[in-house]
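Q: Below: one structure in structure tokens.
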Amino acid sequence: MVSLVRAELRKLLGLPTAWVGLVLGTLIAPAVVLLNAPYIRRAITAGTLTDPSDLGLRDLGIGLIGPMILGVIVVSSEYTSTGQDAPGARQLTATLTAVPDRLRLLVAKTTALVLTVAAQAAVTATATLTLTQVLHGEHVPAPAPTRVVAAILYWALTALLAYAITLITRNGIVPLTLLIINSSVVSVSYLLTKVTDLASYLPDIAGTQMFLRDTDFPVEIAPVTAGLVMTAWIVVLLAIGLILFQRRDA
Amino acid sequence: MITIDCVSKTKSGTRILHDVTFEARPGRVTGFLGPNGAGKTSTLRILLGLDRPESGTALICGRPYGKLDRPLTTVGALLDGSGAHRARTARAHLRWVAASNGLPDSRADEVLEVVGLTRDARKRAGRFSLGMSRRLGLATALLGDPEVLVLDEPVNGLDPVGIRWMRAFLRDSAAQGRTVLLSSHLMGELAETADDVVVIDKGRIVTQGGLADVTGDHPTLEDAFFTLTATEADRPW
């Protein structure tokens, strides 16, 4: 299994798109902290900031584009056509001839993805929170370690969500577009919370409550429950993805 | 040794393989011959565990492909394209494949040398010509120094030098005791290389045996093929 994980890590980190995800995801959140600094200072002075302990942690959300890209391409790269000469040819053929046990393959892939994203999240969280301390130190309490760990977990779970969806769709463009739009331009999940309270249990909405306190969702979910809700979504989607992956012809 | 026994498969409501049964033996080149769409690739994909048969078994050295431990050390396979992601260099592709089967990195450079791609090791697979892609695919098949080779249309896209090289390579492999199964629709090519021939048409095996037996009284393998498959040479579709 160790050699399989090593192979999957090599495969993932050998893709230029993976580095786009790694670099973007790691740099955006600290950059936003820097850009927002003057506005946050004014908000602190004016006293409009309700929960300063969310500062920095909240900025981590924008970096989620990184784990989303990684989660999608770890699967979609298998299904991309390898060339115009042979439109049906895909890397998946090489992958499955090398590792025909599809369950072991997915376990190795999942492990490689989680290791990569967790490392990225740890670096990003450290950079973002340190920067927040440096810029607004006197007004912001040092972040509780459990909340930082929860934020890192949220990144890993977001990557797994993107991964599970792509395993079902076998195409990266649709899930990547939807996930990025939903997390940045228009949050459909957030709008849905205005329509029904049930939307509070959508994976991205529940997930943020693992580490953020000051949210305006209709249903407040305790951090551990929030983590369990998001995990449950991923377990179900991964199970569907696995069954389809096992049954489908490659 | 490859044993395919009563393999049937239906795709989108159409039966594409009917009880396909044949063997490929060690030390011999077995040519799997048939027109486009006859079921050659479908059979090979089932043999390699990529697609699932509806019924029947396909075994390599007595075991289904999925049950082979570190399969690349037993079977080398070449299907459509090179199998390398376009953004990856030839060497990076070979190294991850090697790692997945516990083979050392040094194997990547060794097989690149065998197929004559050493100078292109750092080139991205997306920039490869068709012939180079086939060579990279073959290099991947050779990583584990396998005793069985399964090659789908291996000479497709190769230039005359490449075709000649491939022919010699296949003969050498069989001479060393390997089992070589290759599919082709090029009859002249197969007549030059194969010891045994299996002919498939519309998903059914129409004949199999030694090259001389299959050719029989016909002047060439090509003539025998047209008679067997009842394809009219002047009106093929």
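The values are calculated or read from the model by the stated rules, or taken from the named source; none is laboratory data. The structure displayed is predicted, hence computed values, not measured ones. Here Cβ is always computed from backbone atoms with ideal geometry, including for glycine, and neighbour counts include all displayed protein chains. Side chains are part of the model used for accessible areas, which takes the heavy atoms of the whole protein and leaves out ligands, DNA and RNA. Shrake-Rupley method; radii C 1.70, N 1.55, O 1.52, S 1.80 Å.
Q: Between the range A:101-124 and the range B:57-87, what's the alpha-carbon centroid distance in Å?
A: The range A:101-124 and the range B:57-87 have Cα centres spaced 24 Å from each other.
Q: If you don't mind, there's one more thing I want to ask. Using θ = phi - 60° and the Karplus relation 6.51 cos²θ - 1.76 cosθ + 1.60, list the HN-Hα couplings for the range A:157-165 in order, rounded to whole Hz, with x at every Gly or Pro.
A: Per-residue couplings from phi come out as 5, 5, 4, 5, 5, 4, 5, 5, 5 Hz.
Q: Then there is this: Under a straight-distance cross-link criterion of Cα-Cα below 18 Å, which lysines are reachable from A:LYS11, leaving out those fewer than 8 residues away in the same chain?
A: Cα-Cα hits under 18 Å: A:LYS109, B:LYS123.
Q: Have a look at the range A:1-41 and report residues whose accessible surface goes down by 10 Å² or more when the remaining protein chains are included, against the chain on its own, probe 1.4 Å, ligands and DNA/RNA excluded.
A: A:SER3, A:LEU4, A:ARG6, A:ALA7, A:ARG10, A:LYS11, A:GLY14, A:LEU15, A:PRO16
Q: Just name one of B:PRO154, B:ALA174, B:VAL115: the one whose Cα is farthest towards the positive end of the charge dipole of the range B:109-237 (beta-carbon charges, Lys/Arg +1, Asp/Glu -1).
A: Farthest along the dipole direction, towards plus: B:VAL115.
Q: Provide the gained length on full extension for the span A:THR177 to A:THR130, in nm with one decimal, where the gain is 0.36 nm per separating residue minus the Cα-Cα distance.
A: 13.8 nm
Q: Right, another one. With the full set of protein chains in place, find how many percent of the accessible area of the protein assembly as shown is carbon and sulfur; take the probe as 1.4 Å.
A: So the carbon and sulfur contribution to the accessible surface is 60 percent.
Q: Using only helices, what value at 222 nm comes out for the protein assembly as shown when you add -39,500 (n - 2.57) per DSSP H run of length 4 or more and divide by the total residues, to the nearest 500 deg cm²/dmol?
A: -16500 deg cm²/dmol
Q: What FRET efficiency comes out for the pair A:ALA31/A:ALA239, r = Cβ-Cβ distance, R0 = 30 Å, nearest 0.05?
A: After rounding, the FRET efficiency stands at 0.20.
Q: Let me ask something else. Just how large is the dipole of chain B about the Cα centre, in debye to the nearest 20, putting +1 at every Lys and Arg Cβ and -1 at every Asp and Glu Cβ?
A: The dipole of chain B has a size of about 1240 debye.
Q: Averaged per residue, what accessible surface does the range A:2-177 expose to a 1.4 Å probe, in Å²?
A: Per-residue accessible area for the range A:2-177 comes out at 40 Å².
Q: May I pose another question? Hey, which lysines would be in cross-link range of B:LYS11, C-alpha to C-alpha under 16 Å, not counting anything within fewer than 8 residues on its own chain?
A: B:LYS40, B:LYS202
Q: Run the numbers on the range A:95-119: which residues show a drop of 40 Å² or more in accessible area, chain on its own versus all protein chains together, using a 1.4 Å probe over heavy atoms?
A: Those residues are A:THR97, A:ALA98, A:PRO100.
Q: Go through B:LEU94, A:SER77, A:THR130 and say which Cα lies farthest out towards the positive end of the charge dipole of the protein assembly as shown; charges sit on Cβ, +1 for Lys and Arg, -1 for Asp and Glu.
A: The residue sitting most towards the positive pole is A:THR130.
Q: What net charge is computed for the residues neighbouring B:GLU113, neighbours being all others with C-beta under 13 Å from the C-beta of B:GLU113, Lys and Arg scored +1, Asp and Glu -1?
A: That works out to +1.
Q: May I pose another question? Heavy-atom accessible surface, probe 1.4 Å, ligands and DNA/RNA ignored: which residues of the range B:86-114 lose at least 40 Å² versus the isolated chain?
A: By number: B:ARG86, B:ARG88, B:TRP96, B:ALA99, B:SER100.
Q: Taking the alpha-carbon distance from A:LYS194 and a cut-off under 29 Å, which lysines remain once sequence neighbours fewer than 8 residues away in the same chain are dropped?
A: Partners found: none.
Q: If you take the accessible area of B alone, add that of A alone, and subtract the area of the pair, what total do you get in Å², probe 1.4 Å, to the nearest 100?
A: 2700
Q: 5 Å is the cut-off here: which amide hydrogens, built 1.01 Å from N in the peptide plane, fall below it relative to B:ILE205, excluding neighbours closer than 5 in sequence?
A: When sequence neighbours closer than 5 places are left aside, the close amide H contacts are B:THR21.
Q: Any idea what the dipole of the range A:2-177 comes to, in debye rounded to 20, about its Cα centre with Lys/Arg Cβ at +1 and Asp/Glu Cβ at -1?
A: 280
Q: Moving to a separate point now. Using alpha carbons only, how many angstrom separate the centre of the range B:124-176 from the centre of the range A:221-239?
A: Between the Cα centre of the range B:124-176 and that of the range A:221-239, the gap is 48 Å.
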